[in-house]
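Asker: Sharing a structure with you now.
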Amino acid sequence: MRHARLILKPGHDRPVRRHHPWIFSGAVAELEGRIEDGEIVDVYSSEREWLARGYLNRRSQIIVRLLTWNPEEAIDESFWERRIDRALAARHLLGLDQITDAYRLVYAENDWIPGLIVDRYGDFLVIQSLTLGIERRKELLVRILAERCHPTGIYERSDLDVRAKEGLPPADGVRHGEMPPERIVIREHGHLFRVDIQHGQKTGFYLDQRENRRRVAPYLAGARVLNAFSYTGAFAVYALAAGAESVVNLDTSAEALAEAAINLQLNGFPASRFENIEGDAFRVLRQFRASGRRFQAVILDPPKFAFAQAHLERAARGYKDINLQALHLIEPGGILVTFSCSGLVSADLFQKIVFAAAEDAGREVQILERLGQAPDHPVRLSFPEGGYLKGLICRVW
Ligand code: SAH
């Protein structure tokens, strides 16, 4: 099949040759042939050498998302089947079913399916379609997923701001089978969590933190723990199960805290072992300092602070401030667990930010472990942008 041809400006072929999946509109010299947005385009170097094939959207700054670097590979139904099968096979190889029934099945560019996220929660799948190219093939992709995974239902949670950049409105609803119940109970490392896939944050649960919750838990035995940015209390459940004395959950979301309380009770922990505080962590941590309240461990898992390079400095100040406030509250010999899920903040920069906070707090800090995102959120080497979550387990003196 002959496709429209997109010719790159001189010198813009290198990332494409290295299998980076994005072409920015600024790299384009010309577009030859009639083509609708969302359709397949062939990408050529300025010397007219065929390079790759992907789907087009002129409305997006990322004008093409590349799908294949093989000129013989057509983008037909069997292409999408092969890509989904590869993603499913990769998850199967992780042996996750022993550990959990909630994990990411398809992680977009990192699974060579740009723009599509698929998470499994028990018998239900949740999909996010982030681009026009996926939007136009959504029915097909849902059909393939239904055939392969036999879920009770497939629910769409495409309510992300990034869709606007593709000219797409938000879209939520059942795409296959049954409507999910209001709460699905999932298991993770032997613990139970209620997940609201219709209204919860992301697709309902922070699946990317699964392994970090497990690795942090042993450091919390016996500790009075502050779980800042707690969401529905996942770290709190792991902490108490590992023998923490008590946990304070802190979040701005009253709904998330109400769910945290239920999750803690669901796992057998009485209300006497935890306290929920609704409030802004930046303020509440300062109040704790002023009132002399101290902890033996503090967990900081804030939302993304850096959305664009232009805001990186402000984001860095935010991370530094919250870490500084946390360090003031930790008893000598205690634990700081600190995360950043901003892709723009590198692991190296994050470590420097925590160091700057430690200097200002007048504390000595040792890194015990470095953390990343769970392996069902793999990072493609040719797409380092896929890595966003980083964390440190530290001992604070
Ligand atoms: N650690 C959680 C995920 C945290 S997500 C888990 O493992 O499930 C980040 C959380 O921070 C969200 O629940 C959000 O409601 C909360 N949040 C955002 N801004 C906040 C602020 N300024 N103070 C306290 N919580 C905040």
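Asker: Return the residues of region 119-142 that are hydrophobic (A, V, I, L, M, F, W, C) and either within 18 Å of ASP161 (Cβ to Cβ) or part of a helix (DSSP H, G or I) (or both); say none if nothing qualifies.
Answerer: VAL126, ILE127, LEU130, LEU132, ILE134, LEU140, LEU141, VAL142 - these are the residues of region 119-142 that are hydrophobic (A, V, I, L, M, F, W, C) and either within 18 Å of ASP161 (Cβ to Cβ) or part of a helix (DSSP H, G or I) (or both).
Asker: Filtering region 281-302 down to residues that are more than 26 Å from the chain's Cα centre (by Cα) and assigned to a strand (DSSP E or B), which residue is farthest from the ligand (Cβ to nearest atom)?
Answerer: Among those that are more than 26 Å from the chain's Cα centre (by Cα) and assigned to a strand (DSSP E or B), it is GLN296.
The rows are residues; the columns are (1) in contact with a Pro (Cβ under 8 Å, 6 or more places away or on another chain); (2) without any contact (Cβ under 8 Å) to a residue 60 or more places away in the chain; (3) open to solvent by 10 Å² or more (accessible area, probe 1.4 Å).
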{"residue": "SER78", "(1), (2), (3)": "no, yes, yes"}
{"residue": "ILE113", "(1), (2), (3)": "no, yes, no"}
{"residue": "ARG136", "(1), (2), (3)": "no, no, yes"}
{"residue": "ILE144", "(1), (2), (3)": "no, no, no"}
{"residue": "GLU182", "(1), (2), (3)": "no, yes, yes"}
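Asker: Taking VAL174, is it open to solvent by 40 Å² or more (accessible area, probe 1.4 Å) and assigned to a helix (DSSP H, G or I)?
Answerer: For VAL174, the condition - open to solvent by 40 Å² or more (accessible area, probe 1.4 Å) and assigned to a helix (DSSP H, G or I) - is not met.
Residue-by-condition table, conditions (1) part of a helix (DSSP H, G or I); (2) closer than 22 Å to GLY318 by Cα; (3) open to solvent by 10 Å² or more (accessible area, probe 1.4 Å):
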position	(1), (2), (3)
PRO218	yes, no, yes
LEU226	no, yes, no
ALA244	no, no, no
LEU250	no, yes, no
ALA258	yes, no, yes
ILE262	yes, no, yes
GLY268	no, no, yes
ASN276	no, no, yes
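Asker: Which condition number in (1) out of contact with any helix residue (DSSP H, G or I) (no Cβ under 8 Å at 6 or more places or on another chain); (2) outside any helix (DSSP H, G or I) is the one that GLY391 fails?
Answerer: Checking GLY391 against (1) out of contact with any helix residue (DSSP H, G or I) (no Cβ under 8 Å at 6 or more places or on another chain); (2) outside any helix (DSSP H, G or I), the one that fails is (1).
Asker: Tell me, which residue of region 184-216 that is of a type in the set (Gly, Ala, Ser) and on the phi > 0 side of the Ramachandran plot is most open to solvent (accessible area, probe 1.4 Å)?
Answerer: That would be GLY190.
Asker: Hey, can you tell me all the residues within region 303-345 that are more than 22 Å from ALA361 (Cα to Cα), open to solvent by 60 Å² or more (accessible area, probe 1.4 Å) and within 15 Å of the ligand (Cβ to nearest atom)?
Answerer: Those that are more than 22 Å from ALA361 (Cα to Cα), open to solvent by 60 Å² or more (accessible area, probe 1.4 Å) and within 15 Å of the ligand (Cβ to nearest atom): PRO303, LYS304, PHE307.
Asker: Sticking with this structure for a sec: From ALA361, ALA357, which residue is within 18 Å of PHE295 (Cα to Cα) and touching a Lys or Arg at 6+ places or on another chain (Cβ under 6 Å)?
Answerer: Being within 18 Å of PHE295 (Cα to Cα) and touching a Lys or Arg at 6+ places or on another chain (Cβ under 6 Å) holds for just one of ALA361, ALA357, which is ALA357.
The values are calculated or read from the model by the stated rules, or taken from the named source; none is laboratory data. Remember, it's a predicted structure, so these values are computed and weren't measured experimentally. Backbone-built Cβ (ideal geometry, glycine too); neighbour counts: all protein chains shown. Note: areas computed on protein heavy atoms with side chains; ligands, DNA, RNA excluded. Shrake-Rupley method; radii C 1.70, N 1.55, O 1.52, S 1.80 Å.
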